[in-house]
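Here is the structure we will look at, set down as structure tokens.
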Amino acid sequence: MTVHEVIAIPVEQKVWKVRVQDFLVLEESGAFVDYARAELLDGEIWVLNAIHSRHAAAQAELQGRLWAALRAAGSSLRTYVTPTVVIENRSRVEPNLAVGPPNDGGLLPVQKIRLALEVSDTTLPVDLGSKQRIYAAAGVPEYWVADVNGRVIHRMWSPSGEIYQRHDKTIFGQSISAATLDDIIIDTDVL
């Protein structure tokens, strides 16, 4: 064989899944500095849009109403706004809101989340797709997606494997109650 001969070796295409520690190295090196936000969803890096005013307003209203409902019920649970949550070694998500017990600092462990909530104006397929599967597989008891365009909240609970066994919808303007948290009812009239 001469130097000029080309050897054709069949190459199998593979998707390279990034681990949380790889994602953190990229983040710390400034790889995402030109983007608004980035999350790691099942080993894939997702660059997210900046949060626009409709999204921000809905998130603020839901956070305030969840906080008030928890206080009214006498619950010791707290609301967390965009906490960083590491799920195993394949996902680093930031739900728009999470409900859980007081945390002593650092990242919010996924095992402590009692309800995760995503506000969706441009990310509905991701929020109802891969994020739903990630939260269900991690055993998050309840998951809500507030679809600001469709004016509806998807409420999911009873995780089993990568799906939620139960799912219903509440139209904006109606009250919604948590399926897994006692006495937590919020009005969605201003969404």
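The values are calculated or read from the model by the stated rules, or taken from the named source; none is laboratory data. Nothing here was measured: the structure is a model prediction, and the numbers come from that model. As a convention, Cβ positions derive from the backbone with ideal geometry for all residues, glycine included, and neighbour counts pool all protein chains shown. Accessible surface is based on the protein model in full, side chains and every heavy atom, while ligands, DNA and RNA are left aside. Shrake-Rupley method; radii C 1.70, N 1.55, O 1.52, S 1.80 Å.
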In segment 127-167, what count of residues is obtained for those that are in contact with a strand residue (DSSP E or B) (Cβ under 7 Å, 6 or more places away or on another chain) and either more than 28 Å from SER53 (Cα to Cα) or open to solvent by less than 50 Å² (accessible area, probe 1.4 Å) (or both)? 28
Residues satisfying the stated conditions in segment 119-142, i.e. among the hydrophobic types (A, V, I, L, M, F, W, C) and in a strand (DSSP E or B): VAL119
Pairs returned, first residue in segment 129-154 that is at positive phi, second residue that is at pLDDT 95 or above and open to solvent by 10 Å² or more (accessible area, probe 1.4 Å), beta-carbon separation under 6 angstrom, 6 or more apart or interchain, are GLY139/PRO159; ARG151/PHE172
Of everything in segment 168-191 that's touching a Ser or Thr at 6+ places or on another chain (Cβ under 7 Å) and in a loop (DSSP other than H, G, I, E, B), which residue is most open to solvent (accessible area, probe 1.4 Å)? GLY173
Selection status of LEU24, open to solvent by less than 20 Å² (accessible area, probe 1.4 Å) and out of contact with any His (no Cβ under 6 Å at 6 or more places or on another chain): no
Taking GLU61 as the residue in question, decide whether it is surrounded by 15 or more Cβ atoms within 10 Å (Cβ to Cβ) and without any contact (Cβ under 8 Å) to a residue 40 or more places away in the chain. no
Reported set for segment 92-118 where residues are surrounded by fewer than 24 Cβ atoms within 10 Å (Cβ to Cβ), small (Gly, Ala, Ser) and part of a strand (DSSP E or B) is GLY100
Can you name every residue in segment 103-128 that is within 20 Å of VAL47 (Cβ to Cβ) and without any contact (Cβ under 8 Å) to a residue 12 or more places away in the chain? PRO125
Select from segment 155-191 the residues that are among the acidic types (Asp, Glu) and at negative phi and list them in ascending order. GLU162, ASP168, ASP182, ASP187, ASP189
